[in-house]
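Taken together, the values in this text are just the output of simple stated rules run on the coordinates, not laboratory data. Worth saying up front: this structure is predicted, and the values here are computed from it rather than measured. Don't worry about glycine lacking a Cβ; one is built from the backbone with ideal geometry, like all the others, and counts go over all protein chains shown.
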């Protein structure tokens, strides 16, 4: 377990961006920790191929077993990952709740590996996937000055369709989780798709229009673009007016990009019967000061409890 935390910290601390920064390299895969998963392709309605990992709910391995996979799959001398040992995948016939974890605006889904581990060892299936242009998904010309693409919503729609046909998925118990841009897109998709029964987001912002001035204060020389009319159709603060899904928002008290006031505005607007807010002390937006790093153990307990109660 200690190695898992170390990997989680190392990954998340390296990711603290302001716009889209895709990466095609999986620094690690779940095999590093002996996690059972399958890799497969998702095809969107506009014929893009997305890469995905589906993790069935599974018992945590012993520390000794994890060490075996870690040593077999990691070249310590050269500090590179080698998938020399992969755990056999076995589909579960018992239907269980499933959580889709969406990537943010940087790297790819490998950074979600440790978060997926938290859920799969607590009785949830997990799906992660790469946006078009990210990871091993099909190439897409990403302008790194853009904050989001509307095509990512198409990707998310396709991911939901794909997870619903996986063995062992209870289609009446699907939740979504994301952070920053992933929180924005997860909120949008949970507003659009009634199959989503619970939403959790870290660093959700009210709209691109309101968040861009915050980014400009931090990096005044950078330029930020958003697709035309994206806010008009998808701004979380607008969608919140007719939102009824159980919602749990997490934000760092020192977050200057997506400050707590944004989460408070969202929760004051939604119509959900279940609405929770956790402002994490001494935490900021990302990197080593991200809420899930500053308060890792509490984060695990709170996020698992929320999905347990609402799925």
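Worth pointing out:
- FRET efficiency for residue 84 and residue 161, using Cβ-Cβ distance with R0 set to 41 Å, rounded to 0.05: 0.75
- Relative frequency of Cα-Cα separations exceeding 31 Å in the chain, percent: 24
- DSSP bridge orientation in the chain - percent antiparallel, rounded to nearest 5: 30
- Rounded tilt (10° steps) of 260-269 against the dominant C-alpha axis of the chain: 80
- Scaled radius of gyration (Cα, divided by 2.2 N^0.38 Å) that segment 134-173 gives: 1.52
- From the C-alpha gyration tensor of segment 143-301, square roots of 5λ in Å: 24, 20, 15
- Cα-based helix-to-principal-axis angle, 151-163 vs the chain, degrees rounded to 10: 40
- Rounded to the nearest 10 degrees, the angle from helix 2-13 to the longest Cα principal axis of the chain is 40 degrees.
- Cβ-based exposure ranking for 154, 245, 171, in which fewest neighbours within 10 Å come first: 171, 154, 245
- Contour excess over end-to-end distance, with Cα ends at residue 301 and residue 277 and 0.36 nm allotted per residue: 7.2 nm
- Theoretical gain in end-to-end length, residue 95 to residue 60 [0.36 nm per residue, Cα-Cα removed]: 10.7 nm
- Order of 278, 53 - criterion: other Cβ atoms within 10 Å of each residue's Cβ, fewest first: 278, 53
- Hydrodynamic radius of segment 149-210 per Kirkwood, over alpha carbon pairs, in Å: 12.1
- Convex hull volume per residue for segment 74-221, taking Cα atoms only, in Å³: 154
- Theoretical ellipticity at 222 nm over the chain - DSSP helices of four or more residues, -39500 (n - 2.57) apiece, nearest 500: -9500 deg cm²/dmol
- The equivalent ellipsoid that matches the C-alpha gyration tensor of segment 206-293 spans semi-axes of 22, 20, 8 angstrom, in descending order.
- A Förster distance of 25 Å, applied to the separation of the beta-carbon atoms of residue 68 and residue 41, puts the FRET efficiency at 0.25.
- Take the convex hull of the alpha carbons in segment 190-237; its mean projected area over all directions comes to 4.2 nm².
- From the C-alpha gyration tensor of segment 24-144, square roots of 5λ in Å: 24, 20, 12
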